[in-house]
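S.K.: Dropping a structure here in structure tokens format, bear with me for questions.
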Amino acid sequence: MLPAGDWEESVAFWRRLGFEVDGPNHDYVVARRGDLEVHLYADTGIECFTNHSACYLRVDDAATLRAEWQAAGVLPLAAVEDKPWGMREFHVVDPAGNLIRVGQLIP
């Protein structure tokens, strides 16, 4: 679960990432994309520069997903990197300051 300070901004961001968004329902939103599911809750006091919330999305092809998000205008995106722990990863930060790290097992 990630905090969201502004529903319209958060919903627009997750839709730009290709997620279908249900809600908000009672200060709660569920964003789904295939097997990925992210839950957001209302926190109007969230400060994007001091927020320490994060999630990890495991996907089949991190580079293709990053290219798709870049084409959709999602910025800033980190470069895709192969990590010493066997994952190919990149990350993006949402409007509330949540870190969204995306990774795949290196084949």
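Read-outs throughout are calculated quantities, based only on the coordinates presented, and are distinct from any laboratory measurement. Given the structure is predicted, the values throughout are model-derived calculations rather than measurements. Methodologically, a virtual Cβ is constructed for each residue, glycine included, from the backbone with ideal geometry; neighbour enumeration extends over all protein chains shown.
S.K.: Return the pairs, sorted by first residue and then second, in which the second residue is among the basic types (Lys, Arg) and surrounded by 14 or more Cβ atoms within 10 Å (Cβ to Cβ), the first residue lies in region 44-63 and is more than 15 Å from Ile100 (Cβ to Cβ), the beta carbons are less than 8 Å apart, and the residues are 6+ apart or on different chains.
M.R.: Ala63/Arg88
S.K.: On to the next question. Just checking, how many residues over region 78-107 are within 19 Å of Asp35 (Cα to Cα) and either surrounded by fewer than 13 Cβ atoms within 10 Å (Cβ to Cβ) or of a type in the set (Ser, Thr, Tyr) (or both)?
M.R.: 1
S.K.: Sticking with this one: Restricting to region 1-44, give me the number of residues that are over 18 Å from Leu57 (Cβ atoms) and among the aliphatic types (A, V, I, L, M).
M.R.: 2
S.K.: Also, quick follow-up: Just checking, does region 10-27 include any residue being over 21 Å from Leu75 (Cβ atoms) and touching a helix residue (DSSP H, G or I) at 6+ places or on another chain (Cβ under 6 Å)?
M.R.: Checked region 10-27: at least one residue is over 21 Å from Leu75 (Cβ atoms) and touching a helix residue (DSSP H, G or I) at 6+ places or on another chain (Cβ under 6 Å).
S.K.: Determine which single condition Leu75 fails, assuming it passes every other condition in (1) in contact with a strand residue (DSSP E or B) (Cβ under 9 Å, 6 or more places away or on another chain); (2) surrounded by 13 or more Cβ atoms within 10 Å (Cβ to Cβ); (3) more than 13 Å from Ala4 (Cα to Cα).
M.R.: (2) is the only condition that Leu75 fails.
S.K.: Quick check, is Arg101 of a type in the set (Lys, Arg) and under 17 Å from Ser10 (Cα atoms)?
M.R.: yes
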